[in-house]
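One structure is given here, and the rest of the page talks about it.
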Amino acid sequence: MKVTGSVFLRRGFAATGEVRLLSAEIGGDLACSGGDFSNANQRALNAEGCRVTGRLFLCGATVTGSIKLTGASVGTLLDDGFVWKGGGHLLDGFAYDRIVGPTDGHQRIAWLRSQLDDKLDHRDFRSQPWEQLIAVLRAMGHPHEATKVAIAKQDQMRRAGQIGKPGSLWRWPENLLHILFRVLAGYGHRPAWTALWMIGVWILNSFVFYEGRDAGYFGPSSAVIETSALHQVCGAPGDRQPASPDPRHPGHLLPGAPKARWTSPACPLPPEYTTLQPAIYWLDLILPVINLQQDGDWAPIVAHADGTALFWGHALRGLVWFEILFGWVTSKMLAAVVTNLVR
């Protein structure tokens with residue numbers, strides 16, 4: 001069908017069965033506002049391949065059944081949430097330049113998820129409706145709503161089994177990395193999330209490092225200091241100084257006094273040596289391109305002087321390793337997202 005003007009299926013129009021406008025060319029508008037399209041559990045409006053130069057009015061229409069717009073194109077889509085409530089719609093290849101109706105990301109995500117289940121799962125997942133909506137929302141000046149849809153698209157792809165090659169041994173790791181990318185950066189669309197994660201981990205671990213410092217589980221990593229006379233009076237929690245002769249009982253030794261903590265005032269390090277600052281120490285670990293001289297001068301003490309392992313020292317060392325890896329991943333990810341290298 002070719003119509004140089006408009007087609008009106010609006011107020012007062014009622015159809016029982018399938019209304020078919022396959023490959024129709026309409027030079028004006030296709031107005032369905034207020035119309036009643038009834039074909040329960042089947043296709044109520046089929047406009048596959050239809051070309052509408054003007055506007056497609058669906059707002060206020062009563063649709064009992066589904067709508068097929070596969071390969072259709074319109075200038076402007078005017079709709080509301082109610083017209084799509086029936087579900088089972090087909091939107092693959094549907095193109096439009098503008099939307100007059102809800103532009104909220106969550107409402108539009110619900111619209112895309114009202115498609116036929118086959119187009120949302122692994123059997124026949126279609127990404128075009130998602131990309132079309134993202135592009136239109138951005139062009140209309142709704143970047144935040146477009147970002148919501150872009151994140152939802154990636155979520156749907158993972159649910160549909162589109163992440164990783166089916167049957168591959170790497171599929172589960174790829175899905176785990178995909179989830180991690182979502183949590184840390186919203187698939188690259190939310191760089192602020194990465195910064196917030198870094199700040200949150202910084203605050204939390206700074207408290208842990210403060211406790212570790214006050215408990216004496218940090219020591220200087222300089223070989224010069226470790227081999228100096230200070231090593232005789234400073235050490236890990238529970239270490240003692242060398243035993244001394246007992247003047248009252250010749251041949252007997254008095255147990256040595258407890259060693260001072262390396263981070264306490266009782267252990268006078270050279271004035272030019274850096275003072276351990278847990279918050280700055282954490283930044284030195286998580287920012288790989290910056291050297292604040294904390295990581296190089298201090299490290300967790302993992303054993304007593306006699307070689308006995310210190311549980312909390314090993315725990316702090318594990319936390320240090322975690323922060324180095326976390327800092328490397330998040331800082332590189334943040335830099336990549338900000339420079340638009342991650343899509």
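A short reminder: the numbers here are calculations on the coordinates, not readings from a lab. The structure displayed is predicted, hence computed values, not measured ones. Here the Cβ positions follow ideal geometry from the backbone for every residue, glycine too, while neighbour counts run over all protein chains shown.
Between D97 and L204, the simple label model (points 7 Å from Cα in the Cβ direction) yields a spacing of 5.0 nm. Of the residues A266, A44, A303, the one that moves most in a GNM of the chain with alpha-carbon contacts below 10 Å is A266.
Compare A72, A195, A315 in a GNM of the chain, Cα atoms joined below 10 Å, and give the one with the largest fluctuation. Between A72, A195, A315, it is A315 that shows the largest mean-square fluctuation.
By Kyte-Doolittle mean hydropathy of at least 1.0 and Cα axial length of at least 30 Å, which whole DSSP H helices of the chain are selected?
On the way: long enough: 191-214 (35 Å, 0.55); 311-338 (40 Å, 1.13).
The answer, listed by residue number, is 311-338.
What per residue convex hull volume, in Å³, comes out for the range 2-183 when only alpha-carbon positions are used?
On the way: hull volume 19.1 nm³, N = 182.
Normalising the Cα hull of the range 2-183 by residue number yields 105 Å³.
Lysine pairs in the chain 8 or more apart or on different chains: how many have alpha carbons under 26 angstrom apart? Summing the qualifying lysine pairs gives 16. Only helices enter this figure: runs of n ≥ 4 DSSP H residues, each worth -39500 (n - 2.57), summed and divided by the residues of the chain, yield -11500 deg cm²/dmol at 222 nm to the nearest 500.
From least to most packed, judged by other beta carbons within 10 angstrom and beginning with the fewest, M1, M157 follow the order M1, M157. Legend note: in the chain, cysteines whose Cβ sits 4.7 Å or more from every other cysteine Cβ are C32, C50, C59. When the scattering of the chain is computed by the Debye formula from its Cα atoms alone, each counted once and equally, what is log10 I(q)/I(0) at q = 0.14, 0.16 Å⁻¹? Each listed q corresponds, in turn, to -1.08, -1.25.
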